[in-house]
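Undergrad: Take this structure first; my questions come after.
Any read-out appearing in this document is the output of simple, stated calculations on the displayed coordinates, not a laboratory observation. As the structure is a prediction and not an experimental result, all values here were calculated from the model. Virtual Cβ from ideal backbone geometry, glycine too; neighbours counted across all protein chains shown.
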Amino acid sequence: QTVHGVAVRADWADLSGELRSDKSCFYLLANTRALDEAAAVARNREIGRELRRGGPRLVVSRSDSTLRGHFPAEVDALADGLGWRRPLVLVAPQFFGGGRVT
């Protein structure tokens with residue numbers, strides 16, 4: 001995975017600096033694919049609550065191109081933590097370099 005010119009965080013206990021930043025975005029590495037579903041849901045809900053403190057914003061929950069992980073449970077938990085009742089969810093799995101387009 002590659003991110004260029006974007007701040008990357010691997011913890012979410014205090015995102016106040018990123019949420020106040022004048023940067024257009026930051027990348028939060030949650031590593032939920034390594035967790036069972038209950039733990040992944042709890043982590044996403046916690047992240048959503050932390051992001052909610054920063055006020056309205058665009059949030060993108062990026063998943064794996066092969067749909068490994070806990071979809072839609074993680075997205076639902078993130079939306080719940082953010083206080084969103086009807087989030088827009090777009091599923092477009094692809095990995096052009098590996099020849100995978102769904």
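Undergrad: Springs between alpha-carbon atoms under 10 Å, Gaussian network over the chain: tell me which of 80, 22, 14 tops the mean-square fluctuations.
TA: 22
Undergrad: For labels at residue 46 and residue 29 in the simple 7 Å Cα→Cβ model, what's the distance in nm?
TA: Taking the two extended label points, one gets 1.8 nm.
Undergrad: What's the local net charge at residue 45, with K and R +1, D and E -1, over the other residues with C-beta under 12 Å away?
TA: Net charge around residue 45: -2.
Undergrad: What is the calculated FRET efficiency for residue 71 to residue 20, with r their C-beta to C-beta distance and R₀ = 30 Å, to the nearest 0.05?
TA: 0.45
Undergrad: On the Cα set of the chain, report Rg and Dmax in Å, please.
TA: Radius of gyration, then largest Cα-Cα span, for the chain: 13.9, 39 Å.
Undergrad: Using θ = phi - 60° and the Karplus curve 6.51 cos²θ - 1.76 cosθ + 1.60, what whole-Hz ³J(HN,Hα) does each residue of the stretch 43-54 get, with Gly and Pro shown as x?
TA: For the stretch 43-54, the Karplus curve yields 5, 5, 5, 4, 4, x, 4, 5, 5, 4, 4, x Hz.
Undergrad: Give me, ordered by chain and number, the residues 5 or more places off residue 9 or on other chains with an amide H under 5 Å from its own placed amide H.
TA: Under 5 Å from the amide H of residue 9: 27, 28, 29.
Undergrad: A further question follows. Using helices alone, what [θ] at 222 nm do you get for the chain, with -39,500 (n - 2.57) per DSSP H run of 4 or more residues, divided over all residues and rounded to the nearest 500?
TA: Computed ellipticity for the chain at 222 nm equals -9000 deg cm²/dmol.
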